[in-house]
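One structure below.
The values are calculated or read from the model by the stated rules, or taken from the named source; none is laboratory data. Computed from a predicted model, the values in this text were never measured in an experiment. Counting neighbours? That spans all protein chains shown, and the Cβs are built from the backbone with ideal geometry, glycine included.
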Ligand SMILES: Nc1ncnc2c1ncn2[C@@H]1O[C@H](COP(=O)(O)OP(=O)(O)OP(=O)(O)O)[C@@H](O)[C@H]1O
Ligand SMILES: [Mg+2]
């Protein structure tokens, strides 16, 4: 599903160049659950943002489902992102003025689906994460775990093939974090590919493969035998 070849990302800050990713190579097959670990600043989010087409590399190639997307225009990238990829972030990234239902519907507006279809998909997704009784609550009327479930509903409503979760449990207590991981695990059982970033070993252990990064490079890539 994902093939990344000697991919680099350089940031220029004044006179200094910073190599956030340094010739990274990875392949991820459809249906995998991959956990990415590594110290702060090692390039995990930079890599996730490129995989998710939120950012573009400085050098190297990125193939998504066999297509070399290095040559895609920003419109093509936006379409791919909307259709095939769901995002979950540490701080939920929900819009505060919109209720749960409206937050989940929002990305579907660009999908070409009818009003009725969008509504049904959003309601189904919220039911799926156990929030059928909170659809009119705004983010500040929901607990952290509930907000993260809304963001999972938003990520899955468009039936993506790939879910990218950047520290999805980072802002949650451990019990709530495990609830979120169970939902991600269930999605993976339904064949959705998951790439997760975490700092916690027990969260990383949900993955069947664990990648460790350091200074913009992959320093370890192992099958997780304890999974
Ligand atoms: N927009 C940017 N401009 C300049 N430098 C950046 C930018 N984004 C990230 N960096 C730098 O790139 C490096 C990698 O950052 P990144 O956010 O990928 O780290 P991370 O592994 O996700 O860390 P954390 O665990 O703290 O989230 C860091 O040194 C960071 O300062
Ligand atoms: Mg990060």
Just one of (1) closer than 30 Å to residue 183 by Cα; (2) in a helix (DSSP H, G or I) trips up residue 3, so point out which.
(2)
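A quick yes/no check of all residues on (1) within 13 Å of ligand 2 (Cβ to nearest atom); (2) under 12 Å from residue 213 (Cβ atoms):
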site: 6; (1), (2): no, no
site: 14; (1), (2): no, no
site: 18; (1), (2): no, no
site: 32; (1), (2): no, no
site: 42; (1), (2): yes, yes
site: 50; (1), (2): yes, no
Let me confirm something: among 118, 97, which residue is modelled with pLDDT of 95 or more, surrounded by fewer than 15 Cβ atoms within 10 Å (Cβ to Cβ) and farther than 25 Å from residue 28 by Cβ?
97
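For residues that are away from ligand 1 (no atom under 13 Å from the Cβ) and either in contact with a strand residue (DSSP E or B) (Cβ under 7 Å, 6 or more places away or on another chain) or in a strand (DSSP E or B) (or both), tally how many sit in the range 8-31.
From the range 8-31, those away from ligand 1 (no atom under 13 Å from the Cβ) are 15, 23, 25-31; that's our starting set.
After this cut, where a residue has to be either in contact with a strand residue (DSSP E or B) (Cβ under 7 Å, 6 or more places away or on another chain) or in a strand (DSSP E or B) (or both) as well, the list is 23, 25-28, 30-31.
Matching residues across the range 8-31 total 7.
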Give the residues of the range 52-66 that are in contact (Cβ under 8 Å) with a residue 40 or more places away in the chain and within 13 Å of ligand 2 (Cβ to nearest atom), sorted by residue number.
52, 55
Residues 50, 88: which one is within 16 Å of ligand 1 (Cβ to nearest atom), closer than 18 Å to residue 156 by Cβ and outside any loop (DSSP other than H, G, I, E, B)?
88
Residue 34 surrounded by 15 or more Cβ atoms within 10 Å (Cβ to Cβ), modelled with pLDDT of 95 or more, over 16 Å from the mean Cα position of the chain (by Cα) and not in a helix (DSSP H, G or I):
no
Could you check residue 93 against (1) at positive phi; (2) within 16 Å of ligand 2 (Cβ to nearest atom); (3) touching a residue at least 60 places away in the same chain (Cβ under 8 Å) and say which number it fails?
(3)
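In the range 119-131, what residues are in contact (Cβ under 8 Å) with a residue 24 or more places away in the chain and outside any loop (DSSP other than H, G, I, E, B)?
Those that are in contact (Cβ under 8 Å) with a residue 24 or more places away in the chain and outside any loop (DSSP other than H, G, I, E, B): 121, 122, 124, 125, 126, 128.
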